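The next block holds one structure in the form of structure tokens; read it before the comments.
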């Protein structure tokens with residue numbers, strides 16, 4: 001009896017430790033092997049947690065302390081197999097078309113995809129077997145850590161803006177003014193922040209009973225939002241924020257006026273802390289939103305556009321060119337990146353900053369349809385109240401619907417399919433809690 005209790009306690013302890021570490025590590029990107037002109041290999045800190053979690057989960061399955069996840073219908077293992085097959089065929093097709101292996105494609109898009117599937121399955125295992133721990137040991141620490149990082153970086157950058165300090169190494173280089181947390185990229189941080197903001201909005205809107213810490217953290221995110229927008233300056237974030245605000249107004253305008261609007265207005269009072277030059281510099285990013293109907297852009301000349309838009313439009317043109325050459329199979333994963341490397345006039349060599357176009361150009365229309373069908377299936381599965389009396393699970397699941405919609409908007413201007421936290425959130429919400437499946441018999 002004592003041994004069984006000790007084992008159970010160790011099992012609980014390890015489960016909760018993994019969830020807590022996952023909540024923090026998912027928000028920290030690191031770069032390895034950077035030297036000279038090589039920017040290095042960018043990894044998520046949670047990548048190092050994944051093998052240990054895998055051993056723990058495998059051990060629990062062997063010892064019959066847990067079971068494989070079961071899914072909210074109509075989602076199922078077929079979806080993961082279908083998407084993995086599309087990725088593998090895209091890699092093989094890239095070899096067929098290019099004549100050799102693209103190391104970048106194999107490592108980043110091929111191996112990287114199966115890392116994502118590892119995250120997804122790990123999260124689904126926790127959701128199925130340890131549903132009672134998700135809220136306290138993952139979601140709450142996740143939001144608290146995000147708020148703490150945002151406040152700390154805002155404070156540090158304000159000191160820098162006002163010339164109180166000149167250098168600080170904890171966050172990314174202060175001479176690059178955009179707020180980026182530990183994500184090493186302002187757009188990745190914007191997607192992380194605004195996705196969590198969606199979770200906070202749905203929990204507050206549904207009036208679910210909140211722990212005092214949760215209540216403060218969810219409201220704090222809205223309070224910080226005006227300063228976040230100015231100091232992060234990701235134009236794409238507006239594509240999530242504007243529909244979110246409209247949704248809140250339409251869903252419950254009283255809730256919006258009573259809860260959200262006052263927090264945002266109070267947050268606006270913090271903007272004077274940023275000096276005039278700092279505000280102007282940040283807002284300049286929003287003012288550079290350009291229309292594709294621009295005459296110079298239509299003629300293929302992008303010199304008058306914002307430098308980031310120049311890069312995007314060049315990559316879009318390259319992608320469409322390769323898609324026209326391979327309209328059925330797509331150009332193969334890694335083909336656009338390699339094509340840019342072969343052209344001397346390409347000042348910017350990067351991934352396609354449009355997830356839908358990337359899938360269509362490199363995996364063809366069948367790959368695009370496969371991804372679209374799976375994501376639609378996810379939305380259908382998440383829309384069903386399948387957790388009985390577990391209101392937290394249902395509210396969290398419903399918030400993922402809006403995160404996926406936000407992903408659709410955001411991915412028009414950035415390739416964010418490989419965002420680790422997104423797949424963890426999906427795994428946590430698409431798997432049935434085990435107590436529900438037991439009730440169903």
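Which one of 245, 231 is without any contact (Cβ under 8 Å) to a residue 40 or more places away in the chain, in a helix (DSSP H, G or I) and in contact with a helix residue (DSSP H, G or I) (Cβ under 9 Å, 6 or more places away or on another chain)? Working first, answer last.
Details: 231 fails: without any contact (Cβ under 8 Å) to a residue 40 or more places away in the chain.
Of the residues listed, the single one that is without any contact (Cβ under 8 Å) to a residue 40 or more places away in the chain, in a helix (DSSP H, G or I) and in contact with a helix residue (DSSP H, G or I) (Cβ under 9 Å, 6 or more places away or on another chain) is 245.
Need a quick list: helices (runs of 4 or more DSSP H) entirely within the range 71-170 having at least 2 residues that are modelled with pLDDT of 90 or more, under 20 Å from the mean Cα position of the chain (by Cα) and within 29 Å of residue 394 (Cβ to Cβ). It would help to see each step written out before you state the result.
Details: elements: 77-98, 112-129, 131-134, 140-161.
Here the list reads 77-98, 112-129, 140-161.
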(request) State the number of residues belonging to the range 222-234 that are over 16 Å from the mean Cα position of the chain (by Cα) and modelled with pLDDT under 85. (result) 1
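Yes/no matrix, rows are residues, columns are (1) buried (at least 19 other Cβ atoms within 10 Å of the Cβ); (2) within 22 Å of residue 396 (Cβ to Cβ); (3) in contact (Cβ under 8 Å) with a residue 40 or more places away in the chain:
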position	(1), (2), (3)
202	yes, yes, yes
205	yes, yes, yes
210	no, yes, no
213	no, yes, yes
216	no, yes, no
221	yes, yes, yes
(request) Just need a number here: residues in the range 98-134 that are surrounded by fewer than 16 Cβ atoms within 10 Å (Cβ to Cβ) and farther than 21 Å from residue 334 by Cβ. (result) 1
(request) Return the residue satisfying two criteria in turn: it lies in the range 289-313 and is out of contact with any helix residue (DSSP H, G or I) (no Cβ under 8 Å at 6 or more places or on another chain) and either modelled with pLDDT of 80 or more or within 23 Å of residue 105 (Cβ to Cβ) (or both), and of such residues it is surrounded by the fewest Cβ atoms within 10 Å (Cβ to Cβ). (result) 311
(request) Inspect all residues belonging to the range 40-47 and state whether any of them is touching a helix residue (DSSP H, G or I) at 6+ places or on another chain (Cβ under 6 Å) and in a helix (DSSP H, G or I). (result) yes
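The values are calculated or read from the model by the stated rules, or taken from the named source; none is laboratory data. Note that this is a predicted model, so its numbers are computed, not measured. Neighbour counts run over all protein chains shown; Cβ positions are idealised from the backbone, glycine included.
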